[in-house]
Every structure is written in C-alpha cells, then in structure tokens.
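Heads up: the structure comes next, in structure tokens.
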Amino acid sequence: MKATDLLKEHHQEVEELFERMSQADSDEISALRDELVATLVSHTAIEEELFYPESREALGASPLIPTSYEEHALVDVMLQKLLSTEPGDETFHARLGVLKELVQHHVEEEEKKLFPQVESAMGAARLEELGSRLEARFGQVRKSDVEALLARNVAKSMPAATGRRARTAKPSARKAAAKRPPAKRAPKRASTQRAEPARGAQKGRRTTTTGRKKAAATAPAKTGRAAPARKPSRPAKTSRTGRKGGRASNASAR
Ligand SMILES: [Fe+2]
C-alpha cells in the first residue's frame, strides 16, 4: 500500500472513532477514548519518525512539514488532557470537541496539500516501500505503552516554553525591583545630589530641585522663586535649559 493511502486510512479510522464517541454512553466512551489515543499517538509517531523526514527529503524545504509537527504537538496536549478527564466531567466533551477540530484541520492540510505534493515528488515504488515500513512501525508502536510515549511527547514540546518564561521573568523582575526604589528615595536625602547631575542634563527641572524640598520639584513657579535666594547661580542655568520661555516668565511675573 502507498504510504499516503495508509495514512489516509488512519485518518478515516480516527474520524469514525470521533463519530462513535459522540454517540457513546458513559460505559463505552472510556474504551473508545483509549482507542482514539492509541491510534492517534501511533499514527503521529510514524509520520514524525518516517513519513515527514522522507517527505522533507523529497520536497526540499516546505512550510507544510514544520506546520505538521506543530499541529501534532497541539494534538498531543489535547490527548493528554482527554486522558486525564473523566468522561462524566463537563469538560470531557469540550476537550474532545477541540481535539476533533484540531485533527480535522490537520487531516485536511495533509490530504489536500502535503500528500499530493509528496505523491508527485516520490515515485510509486518509493511510496509503496515507505508504506510497508510505515505499516510495520505502526504495529510496533500500537502495541507499546502509547500513554507513556504521549507523556514524553508532551514533555518534549512544553518545557522549552516554560523554561524561557522562568529564565526571563526572574532577572527582569529583579532589575525592576533594584531600579525603582532608589529613584524614589533619592530626593529625600543629600545623596540625590550625586545622582542628579546625570539626569539634570536631560531634565532641567530636576537639576534645580536637587535641593531639599519636594515642593520645589513639583511646583515650577515655586522653584523659580526659591532658588535664587539659596544659590543664585543655579536658577539662572535651569531657567534657560529646563524652562524655556513660558514658565520662567510666569515665575518672574508672580
Ligand atoms: Fe499527521
């Protein structure tokens, strides 16, 4: 049998299992769920081990193949969720429905786009030979511990994402925590006078407020008045750089 015909047969079997599950009673549905898991896990295993690598070799670079791997990963996650859900639970049929949509989409992509391209790229003899290997391997995987295989597949696809979050979240949180407090505490004490000059080069208002009172930092008119009394040279500089025109003239008007 041609490789693509064998895979289409599996697709048909899976579609029939979904249909039977939609009509099954609670006693029957667990067995059907286990059969669905075994069939899908074995099917995706032979595609990933044999069919996709050979298809990539025949087609060259194609976005269809990496997309298929990603869709398999999503199917695996939903299969594992389904395995961990009691058929009587209200989420069971919700998960089954999402899984069915994922599988149907994946099957459509393969049968309408990938398989025709692979059939054109591989000769008939190669398709037959690949079909034989797929069938033999499918039998082996189907008899193995498919739930353990499924768990390994999910573990392989998920840690990368969670690991990145863990690594990036901690350092950024530490940096943010380290930067914020000093910025708020600085104006309260004399230490601000060391930090201010660098900021003052960009923000003229703060250069004048390195003094002692917060009021001077937040009320431009007040700083205009108070500064000359304390240090005559500073207000003159800030009025040019920090408050061009309007505010300086307002302060002097008052
Ligand atoms: Fe597939």
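Derivation of every value follows stated rules applied to the coordinates shown; laboratory data play no part. Bear in mind the structure is a predicted one, so any value in this text is a computation, not a measurement. A quick note on method: Cβ atoms are made from the backbone with ideal geometry, for glycine too, and the neighbour counts reach across all protein chains shown.
Overview of values
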item: Count of residues meeting criterion [over 15 Å from Glu48 (Cα atoms) and of a type in the set (A, V, I, L, M, F, W, C)] in the stretch 119-145; result: 5
item: Members of the stretch 23-35 found to be in contact (Cβ under 8 Å) with a residue 40 or more places away in the chain and among the polar types (S, T, N, Q), listed by number; result: Ser26, Ser30
item: Residue within the stretch 55-68 that is acidic (Asp, Glu), within 15 Å of the ligand (Cβ to nearest atom) and assigned to a helix (DSSP H, G or I) present; result: no
item: Pick from the stretch 48-80, criterion hydroxyl-bearing (Ser, Thr, Tyr) and over 20 Å from the mean Cα position of the chain (by Cα), ranking: surrounded by the fewest Cβ atoms within 10 Å (Cβ to Cβ); result: Ser62
item: Subset tally (residues that are part of a helix (DSSP H, G or I) and either of a type in the set (A, V, I, L, M) or more than 16 Å from the ligand (Cβ to nearest atom) (or both)) for the stretch 69-91; result: 12
